[in-house]
Amino acid sequence: MADSHQYTLRRNDYSLDEQQLAVQETFADFFTRLSPSSVVRAAEPTGFDKALWQKAQATGVVTMGVPESRGGDGATLVDLVLVSEECGKTLAPIPFVEAAVAALLLADLDGAVAEELLAQVLEGSSTGTVALHPVEKQRHQLVPAGAVADLVLALDGDQLVVIRRLGEVPTEPNVAGAPVGRWDLRAEDRTVLAEGREATRAYSRAERIWKLLTAGALAGSASSAVRLGVEFASSRVAFGQFIGTFQAISHSLVDAATLAEASRNLVRKAAWFEEYEPESAQPLVSMAFVAASRAAVKASTVGTHVQGGFGFTNESDMTLHFRRAKGWPLLAQRPIEDLLTIAESLPATPHI
C-alpha cells in the first residue's frame, strides 16, 4: 500500500506519505468520535465494548494487514502501527492488536484449517488472539484479549496450535482494565496448524508484531498523556499565573513529550524494518517496545503530578493512561529478554 514510502523510514525520515496520512486521519477520526473516555470507563472492568468492536471490524481494521492474496487489503506494518497509535491515544476498549496479529499469523500459514479460520476472521465471525508464552512452560496462562477471543494461537514445542473457546472465559482482574483471560492451552479442543520451522518462524514473527503494535498503542497513549498535561498546565492558575509557566512543570512536560515522540518514531522505524528487512528487525522491535513502555509511564506519571491531587483520582483521564502504561507491557512479562536482545545487538566495546 505504501510503495512510495518504502525507503523513507530506512533513512530516518519520519514523515508520512499521502496514503499513510489518510490511514492516520481516518482512524484518528474514528476513535476520537467513538471512543471518548466515557466509553473507556463504561467498558471497565472487562475492557471490552462489543458495539465499538463491531464498528471497528466493519472498517476492516483487523484484516487490513492481511495480504491481498489471502483476502485482505495488503496494508503494511507501518500502516497497522499508525492504527495502533490512534487506538492507544483514546485507549479504545477493543482487542485490535491481538486480533490483527492473529489474522496475520493465520495468513502466514498453509493448510485447510488455517484457511478456514482465516475466513472466519475476515468475515468477522471469529476473533483470534495469540498466547505470548510457550505452552511447554505455561500450560495455563493469561492470554491478552483471552476473555473475548474465540480462538487462541499458541506455540507448543515446535507445533503451532489453535485452541477454540468452549465456554465463558472470565476477565482476570488486571491494572490495565484489559480483557485478559486464563486459558488451558492443552485443552482437548485444539488442532495443530503447523510444525517445525514453519511453526516457530510464524510464531516468532507474530510475537514481534504484537510487541510492535502494543508499542504503537503505548506511544499513542504517551502523546495523549502529554496533551492532557499541557492542557491542564495551560488552564490552571497558581500565584497569579498559569502553572505551565513554571519551569519545574514545563521542563517535565517537554521531557515527556520528547520521549513520546522519540518512541513513536522508533516504533515506526521498527515496523518498517519488520516489513522490508525482517532479518534486521528483532533488536529494533525490542528497542521500540522498551522505549514506548517507558515513554508511556513517564508521560502519565508527569501528567499525574502536573494535575496534582486531581491527577490521582479515578475521575482524571490521566489515571486511565497511567494504568494502561503500567499494565499493557506486563502481558509480555519478560522485559529482561528484550533488554538482552538489545544488548546482544550492540557492537562489542573493547576493555580498557
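The values are calculated or read from the model by the stated rules, or taken from the named source; none is laboratory data. Keep in mind the model is a prediction, meaning the values are calculated, not measured. In this analysis, Cβ positions are derived from the backbone assuming ideal geometry, glycine residues included, and neighbour counts consider all displayed protein chains.
Which one of these is part of a helix (DSSP H, G or I) and closer than 29 Å to residue 181 by Cβ: 320, 284?
That would be 320, the only listed residue that is part of a helix (DSSP H, G or I) and closer than 29 Å to residue 181 by Cβ.
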Within region 184-198, does at least one residue satisfy the condition of being within 21 Å of the chain's Cα centre (by Cα), surrounded by 18 or more Cβ atoms within 10 Å (Cβ to Cβ) and farther than 29 Å from residue 41 by Cβ? no
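Residues in region 185-196 that are among the charged types (D, E, K, R) and modelled with pLDDT of 95 or more: how many?
Narrowing region 185-196 to residues among the charged types (D, E, K, R): 186, 188-190, 195.
Next, only the ones that are modelled with pLDDT of 95 or more stay: 195.
Total satisfying the criteria: 1.
Could you tell me whether residue 95 is touching a strand residue (DSSP E or B) at 6+ places or on another chain (Cβ under 9 Å) and within 30 Å of residue 228 (Cβ to Cβ)? Even if it seems obvious, please write down each step before you answer.
Details: touching a strand residue (DSSP E or B) at 6+ places or on another chain (Cβ under 9 Å): yes; within 30 Å of residue 228 (Cβ to Cβ): yes.
In short, yes.
Here is a list: 200, 171, 191. Which entry is polar (S, T, N, Q), out of contact with any strand residue (DSSP E or B) (no Cβ under 6 Å at 6 or more places or on another chain) and more than 27 Å from residue 322 (Cβ to Cβ)? Step through it out loud before you land on a result.
Details: 171 fails: more than 27 Å from residue 322 (Cβ to Cβ); 191 fails: out of contact with any strand residue (DSSP E or B) (no Cβ under 6 Å at 6 or more places or on another chain).
Testing whether each residue is polar (S, T, N, Q), out of contact with any strand residue (DSSP E or B) (no Cβ under 6 Å at 6 or more places or on another chain) and more than 27 Å from residue 322 (Cβ to Cβ) leaves just 200.
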Hey, does region 323-333 have a residue that's out of contact with any strand residue (DSSP E or B) (no Cβ under 8 Å at 6 or more places or on another chain), assigned to a helix (DSSP H, G or I), among the aromatic types (Phe, Trp, Tyr) and surrounded by fewer than 24 Cβ atoms within 10 Å (Cβ to Cβ)? no
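Against the definition (out of contact with any strand residue (DSSP E or B) (no Cβ under 8 Å at 6 or more places or on another chain), among the polar types (S, T, N, Q), in a helix (DSSP H, G or I) and modelled with pLDDT under 80), how does residue 341 come out, yes or no? Outline the logic, then answer.
Numbers: out of contact with any strand residue (DSSP E or B) (no Cβ under 8 Å at 6 or more places or on another chain): yes; among the polar types (S, T, N, Q): yes; in a helix (DSSP H, G or I): yes; modelled with pLDDT under 80: yes.
Yes: the conditions hold for residue 341.
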Please specify each residue of region 91-121 satisfying the condition of being touching a residue at least 60 places away in the same chain (Cβ under 8 Å), surrounded by fewer than 24 Cβ atoms within 10 Å (Cβ to Cβ) and either part of a helix (DSSP H, G or I) or among the basic types (Lys, Arg) (or both). 113, 114
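In region 10-56, how many are β-branched (Val, Ile, Thr) and free of Cβ contacts under 8 Å to residues at least 60 places away in the same chain? Break it down stepwise before answering.
Step one: of region 10-56, the residues β-branched (Val, Ile, Thr) are 23, 26, 32, 39-40, 46.
Then keep just the ones that are free of Cβ contacts under 8 Å to residues at least 60 places away in the same chain; that gives 26, 32, 39.
Residues that pass the stated criteria total 3.
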Could you run through region 56-68 and say how many residues are farther than 20 Å from residue 181 by Cβ, crowded, with 16+ Cβ neighbours inside 10 Å and either of a type in the set (D, E, K, R) or out of contact with any Gly (no Cβ under 7 Å at 6 or more places or on another chain) (or both)? 1
Failed item in (1) in a helix (DSSP H, G or I); (2) within 24 Å of residue 211 (Cβ to Cβ); (3) not hydroxyl-bearing (Ser, Thr, Tyr), with residue 74 passing the rest: (1)
Inside region 188-203, can you point out the residues that are part of a helix (DSSP H, G or I) and either of a type in the set (D, E, K, R) or touching a residue at least 40 places away in the same chain (Cβ under 8 Å) (or both)? 197, 198, 199, 200, 201, 202, 203
